[in-house]
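What follows is a set of notes on a single structure, which appears directly below.
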Amino acid sequence: MAGAHFPAAALFLLLAAAALRSIPPASAAVGVNWGTLQSHKLSPPVVVNLLRDNKIGKVKLFDADPQILGALRGSRIEVMVGIPNEMLAALGSSPAAADSWVAHNVSRYTVKGGVDIRYVAVGNEPFLASYQGKYQPFVLPALANLQQSLSRANLAGFVKLVVPCNADAYEGPTPSQGTFRPELAPVISELAAFLSSNGSPFVVNIYPFLSLYQSADFPQDYAFFSGSTHSVTDGQSLYSNAFDGNFDTLVAALARIGYGQLPVIVGEVGWPTEGGGAAANLSAARAFNQGLVNHILSGKGTPLRPNSPPVDVYLFSLLDEDQKNVLPGNFERHWGIFSFDGQTKYPLNLGRGKLRNAEKVNYLPARWCVADPSKEILFSGGGGGGGAAAHLERACSAADCTTLLYGGSCNGIGEEGNVSYAFNSFYQLQRQEEKSCDFDGLGIVTFLDPSVGACRFLVGLSDSSCSCGLCGVFCSIWAMSVWAYFAFRLSGYA
Ligand SMILES: *[C@@H]1O[C@H](CO)[C@@H](O)[C@H](O)[C@H]1NC(C)=O
Ligand SMILES: *[C@@H]1O[C@H](CO)[C@@H](O)[C@H](O)[C@H]1NC(C)=O
Ligand SMILES: *[C@@H]1O[C@H](CO)[C@@H](O)[C@H](O)[C@H]1NC(C)=O
């Protein structure tokens, strides 16, 4: 195929890459993003076991939550911690704040038997076009201060600072014509120089799903990895999938500013399972993610970086997050390769066999809140329907009801189904608090799972660490021992 005569520029890049010691070997790894915008959170130790059971060796976080880092202690999982955009200004203006951030959120954990923190993500997509430059001035000052802090903590050789960028930072009619957005060119040049001099990779988030979702004429099969009837020819390069095309647009843009050899990590990439109209469903998510993983693990690389795949690729996302903002679309809450409670949504092989579910998940009791069927009249437009509709609206403004909407797994369960789903979602959000199923007498608690087909009525997770059966047993044994001890002492002294 095209391999025998790939472009001279690519050959040069390949040779240059081979000559650079900082370029890692051509074996990329697949990690996951662990976001926590959830009303029902699995406990961090359960998630860490889920990662270990599935041999997922790299995880990317959006902050530096002490509970999560605590659970990662001793796990040997490589970690990228994150700094929210809102903190950039403070960190950029104060070396002391940067020192304190590193001390609290990095040095404390990077001890023997601690957490294997490899990267700190400084901001999350701070150059996103929709932020209109709001965070842009603070990125480099924050990097400079944090780098100093890492040096002072003797961590600079091991922990690397990176800045995850959205793919909207660059554009090009074809990959080889990639350039950074004009207003970003200066800041990205400084960023690339910083990364290069510190041995850090460029981190980019790539979403072929959004291309398909946002433009009706985007060729369907170009988004996936199974060959394409819409290949793009670019000089001597042939692109058969949007991921490679996008990745190489970045590579070309970096080359144009003199950093064509900078290693690249894909910080986020994935496909949602619902909430994105026709583009998001289980089979599409499976096809994309499996195709991506196979492509990355094959080590083939892209036309501009043959045999040199991205250093690492972090799937977005590990778990569904029901509290994500749905402004971009309802799909935002459905990116997980696992549901919120750590159950696989579709078969996926990350290179180590098929995915396994989370174990020892601490659910609330198996009960649900539904619309009371004896009050059916209220839902069929018979005067009282307005009451149910108002309750539904209020329930859904607090709890997640995105599955009810167009393109969702519960769309089409009927009017009463809608109300029941909303009631239950709210009831679980309120941790099954009795009054939360009242709805002016319209709600009723049931012990029969009201799920219909693919539409799952969830049971929430318990946040108490002492309510599962086993823990309960331990608690009573402990209480009895204490009691027995005092009883014994009392009798002894009596
Ligand atoms: C990190 O460190 C700072 C102290 O400098 C602290 O305010 C912050 O809450 C810590 N945790 C996270 C998640 O950033
Ligand atoms: C699933 O998504 C794919 C691609 O986005 C689409 O072509 C297909 O028709 C969808 N399948 C269903 C059953 O909606
Ligand atoms: C249920 O709710 C969804 C989302 O609002 C809506 O599209 C659907 O038409 C509703 N079903 C009925 C029967 O009202």
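The values are calculated or read from the model by the stated rules, or taken from the named source; none is laboratory data. Remember, predicted model here, so these are calculated numbers, not experimental data. For neighbour counting, all protein chains shown are included, and Cβ atoms are generated from backbone atoms with ideal geometry for every residue, glycine included.
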### Query
When the range 136-164 is examined, which residues are found to be among the small types (Gly, Ala, Ser) and under 12 Å from residue 106 (Cβ atoms)?
149, 153, 156
### Query
Among (1) over 21 Å from the mean Cα position of the chain (by Cα); (2) small (Gly, Ala, Ser); (3) closer than 17 Å to residue 300 by Cα, which single condition is residue 253 missing?
(3)
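A quick yes/no check of all residues on (1) assigned by TED's automatic domain parsing to the domain that holds residue 319; (2) buried (at least 22 other Cβ atoms within 10 Å of the Cβ); (3) within 16 Å of ligand 2 (Cβ to nearest atom); (4) on the phi > 0 side of the Ramachandran plot:
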position	(1), (2), (3), (4)
47	yes, yes, no, no
50	yes, yes, no, no
53	yes, no, no, no
76	yes, no, no, yes
92	yes, yes, no, no
104	yes, no, no, no
### Query
For the range 130-156, what are the residues that are touching a residue at least 12 places away in the same chain (Cβ under 8 Å), farther than 16 Å from residue 191 by Cβ and not in a loop (DSSP other than H, G, I, E, B)?
148, 149, 150, 152
### Cβ pairs under 9 Å, 6+ apart, first in the range 399-427 and assigned by TED's automatic domain parsing to the domain that holds residue 327, second within 16 Å of ligand 2 (Cβ to nearest atom)
none
#### Entry: Total residues in the range 151-167, condition within 26 Å of the chain's Cα centre (by Cα) and of a type outside the set (Lys, Arg)
9
### Search result, residues across the range 287-300 that are under 17 Å from residue 223 (Cα atoms) and either more than 18 Å from the chain's Cα centre (by Cα) or not aromatic (Phe, Trp, Tyr) (or both)
287, 289, 290, 291, 292, 293, 294, 295, 296
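Mind checking which residues of the range 40-92 are within 30 Å of residue 427 (Cβ to Cβ) and not in a helix (DSSP H, G or I)?
In the first step, residues of the range 40-92 are kept if they are within 30 Å of residue 427 (Cβ to Cβ); the result is 40-50, 62-63, 65, 67-68, 71.
40, 41, 42, 43, 62, 63, 65, listed by residue number.
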### Query
Looking at the range 391-406, which of the residues that are more than 21 Å from the chain's Cα centre (by Cα) and within 12 Å of ligand 3 (Cβ to nearest atom) is nearest to residue 453 (Cα to Cα)?
404
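Residue-by-condition table, conditions (1) more than 16 Å from ligand 3 (Cβ to nearest atom); (2) of a type in the set (Gly, Ala, Ser); (3) surrounded by fewer than 24 Cβ atoms within 10 Å (Cβ to Cβ); (4) part of a loop (DSSP other than H, G, I, E, B):
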| position | (1), (2), (3), (4) |
| --- | --- |
| 229 | yes, no, yes, yes |
| 238 | yes, no, yes, no |
| 247 | yes, no, no, no |
| 253 | yes, yes, no, no |
| 262 | yes, no, yes, yes |
| 267 | yes, yes, no, no |
| 286 | yes, no, yes, no |
| 290 | yes, no, yes, no |
| 314 | yes, no, no, no |
